[in-house]
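Scroll down for the structure; my scribbles are underneath it.
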Amino acid sequence: MALLQFPAPVSYEAHQEAFEEFLRTFKTSPASAITHALGDMNIDEDELSDEYDFMDDDDDEGQAARRQARAQAKIPKLKYLDLLQKIADRYEDEITIDLDDIAKFDDMLKENGTPMKLVESIETNAKHYLDVMAKAVDNVMPDPTREMNYKDDVLDVLMAQRTARNNALLRAAAEQTDLAMDPELFPAELTRRYTLNFKPRTESDEPLKALAVRQIRGEHLGHLITVRGITTRVSDVKPTVEVNAYTCDRCGCEIFQPVGSRTYGPLTECPSKDCEINQTKGQLHHSTRASKFQPFQEVKIQEMAEQVPVGHIPRMLTILCHGALVRRINPGDVVDVAGIFLPTPYTGFKAIRAGLLTDTYLEAQHVIQHKKAYEDLAIDNRVFKRIEQYRASGHVYEYLAKSIAPEIYGHLDVKKALLLLLVGGVTKVMGDGMRIRGDINVCLMGDPGVAKSQLLKYITKVAPRGVYTTGRGSSGVGLTAAVMKDPVTDEMILEGGALVLADNGICCIDEFDKMDDSDRTAIHEVMEQQTISISKAGISTTLNARTSILAAANPLYGRYNPRISPVENINLPAALLSRFDILFLILDTPTRDTDALLARHVTYVHMNNKHPDTDGVVFTPHEVRQYVAQARTFRPIVPTAVSEYMVKAYVKMREQQSRDEKNKKQFAHTSPRTLLGVLRLAQALARLRFSEEVVQDDVDEALRLIEASKESLYQDQDGYRKDMSPSSRIYNMVRALAESGQCRPDDADEDDDETLGMELSMKKIRDRVLAKAFTEDQWQTAVMEYTNLDIWQTAGNGTRLIFIVSEAAHMARDAEFEME
């Protein structure tokens, strides 16, 4: 039964003419574009404020030139006509049509009394309107302002010749009006040297929200939609044919076949007029050099965890990227992809099994990255000015640490270590290719209920590339790499696991103690060499895994048992423990004051859905990410004096370890990796200060953090409750600093064994004590109390604090060294 032809609901010719007018006349101001991009923040073109111009002291000519440049910048410019000129001159190869601009042009047409609804037409029939817009671009494209030369690409020369031939044929056809046949032109796809894409609207009457994969319906076919998901697989970039070229062996004609879909049938017989007249079916030979190819990449995205209903598994969607959109998406990225939702039939054996079913895919038009890498982050001036204001106070280290998971009570030293994990040290590459890692590895070992997993989740959200996994849910292959068959090319390929996805980021592994030993050994190479060596299925290669490891684990039998040694409680191999720069042991010990404060904090968070107000300032995750991105641009060095200080501190740590082994209080083995860990922490602290040099205070803070990681272990030692008065806490802190060799006077005699570690600088000790929230009165009271008890004494007009070592203590220490 023959049906009547349904007329098109719109006039495509009229819309094409409107698009040509839009490309010729649409104007925009650079100042308004910048203000819109930065959320209505007013920035001058020279990035300086109007209040004071640092160049105002120049001569009058310089001021006049700058004023003229500012005035020129504020003049509206032809946005798309300037872009097309760059395309014609081969400076650009991508045209992105912003639908917000077309919406403004649509409003202007409506005011003039000729509404066309261009944006609605594009959003509901995007595939066809790509061709309509491309024709409009071809008609408006200006002539190039620079001439071709021998240095240009061969394809540029070919395109210029083909365009000149098309123009010559059109002029000849215009002059000879008696010819009935149309001139044989090159296909438009062959002469285009650009990629045309649509950017979806950001402003609309209805709220625009990205769809989940399971929210896409049949009604969206052919529409321009935006989908949000996490990238799971990205194929290699390969060429796909856009225009196929053939040469006839009889008549010599060049035949072009535009390819507009994923599949096509090659031509076998020559369709030229000569072959038709002579009735010779010439054989066609494929001409690769005359054909046109474009880059192609296939991407698989998966639903986010929060988008999956209870009891369902995440759904996946295939995205095809062409032209300038390839290499924009990496595995593990959270992206919003705007594209055209289209069906595609199955081919080959899949078509036999699928029957009447068809597959669907999204043809990408625009990609928005949710979490950019540190080097790709654009520094927001508003955020930076706010942080710079607090940085001048000298307390930004404390403020940033408290801003990490502020809903979690306490654990300030743990949060400081996690902040340094985000910043990281400096990676060194030697001349012979040897690499010393700069990423910091941290392990949180603690009792159940101390918010280890919540800290891991927060770090995953703050880090630009953060991968969260658990010990039981991960195998060795899932962490490193798996060999599988590529569904497109049927080749054996490697698919990276969690550690490869977290390259240049952070991999958070929860329930680290629940992993099998065979799977845990896969992490050893990553934690030190930061590579993954694979020899499987004929593939021998080395993958990069430049990632920081943040692990959370429980002690043996779930809770810490004080009756056995710390090494038995931790129950991790020494080869793995030595690769962690800091191992925090967090014990859940009941204390009345702390428990009451913790309970109040938890109930406040549940009642108000926010953290309690603190004394300082709490930065948002976005501000923390901006600060870390700026801090990571610095590469601090270690001067000679600080290097000598670190060497002496390392020797003291080795001596302390030998004493702990005799007392069965050994916490972790002190090795040269420990020294490198202190160096990395000190470099991260210098980066936080935006400094290019490590100072002694950075080393002291790094050593203090390592000591603080063992703090909860010794809170209830010897079976009785320790005195928690301010004076006792200050004494314990000063004693720990003395035993670790920190806060020594600058002119102390290092060769004197009698005073090594027992003579301290009063100023440095006082600064440390006041930094731990003690008052000046508490510090003075503690000094007087222990001076009266003959524990220590002051010297040098109150500039030094000297511990009094009795003769019996000397004899005991000498006997200890003789036993060694």
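The lysines whose alpha-carbon is closer than 23 Å to the alpha-carbon of Lys385, local same-chain residues fewer than 8 away aside, are Lys371, Lys372, Lys402, Lys416.
Whole-Hz Karplus values for the stretch 109-114 come out as 5, 5, 5, 7, x, 10 Hz, taken residue by residue from phi with 6.51 cos²θ - 1.76 cosθ + 1.60 and θ = phi - 60°; glycine and proline positions read x. Partner lysines whose Cα lies under 20 Å from the Cα of Lys281, excluding those fewer than 8 positions away in the same chain, are identified as Lys273. In summary, the lysines within cross-link reach of Lys536, defined as a Cα separation below 23 angstrom excluding same-chain residues under 8 places away, comprise Lys485. Surface composition of the stretch 576-680: carbon and sulfur make up 55 percent of the accessible area, probe 1.4 Å.
As a calculated quantity, the FRET efficiency between Asn278 and Glu94 at R0 = 35 Å, using C-beta atoms, amounts to about 0.20.
What the phi angles of the stretch 582-591 give under the Karplus curve with 6.51, -1.76 and 1.60, with θ = phi - 60°, is a coupling list of 9, 10, 8, 10, 10, 9, 9, 9, x, 9 Hz, glycine and proline written as x. Working note: Karplus 6.51/-1.76/1.60 with θ = phi - 60° gives the stretch 227-235 the couplings 10, 10, x, 10, 6, 10, 8, 10, 7 Hz, where Gly and Pro are set to x.
Between the amide H of Thr318 and those of Leu362, distances stay under 5 Å, these residues lying 5 or more places away or on another chain, with hydrogens modeled in the peptide plane. Near the amide H of Glu242, within less than 5 Å, lie the amide hydrogens of Lys292, Phe293, Gln294, all on another chain or at least 5 residues away, with H placed in the peptide plane. Peptides 297-308, 352-363, ordered by how many other C-beta atoms sit within 10 Å of their residues on average, highest first, read 297-308, 352-363. On the beta carbon distance between Leu789 and Lys763, with R0 = 22 Å, the FRET formula returns roughly 0.45.
In this structure Lys461 has an accessible area near 140 Å², from a 1.4 Å probe over the protein heavy atoms.
Sorting 225-235, 774-784 by their mean Cβ neighbour count within 10 Å, with the most densely packed peptide first, gives 225-235, 774-784. Taking every protein chain into account, the accessible area of the stretch 594-661 amounts to 58 square angstrom per residue (probe 1.4 Å). For Gly332, the amide hydrogen comes within under 5 Å of the amide hydrogens of Thr231, Thr232, counting only partners 5 or more places away or on other chains and with H modelled in the peptide plane.
The values are calculated or read from the model by the stated rules, or taken from the named source; none is laboratory data. Note that this is a predicted model, so its numbers are computed, not measured. Here the Cβ is made from the backbone with ideal geometry for all residues, glycine too, and neighbour counts use every protein chain on show. With ligands, DNA and RNA removed, areas are computed over all heavy atoms of the protein, side chains included. Shrake-Rupley method; radii C 1.70, N 1.55, O 1.52, S 1.80 Å.
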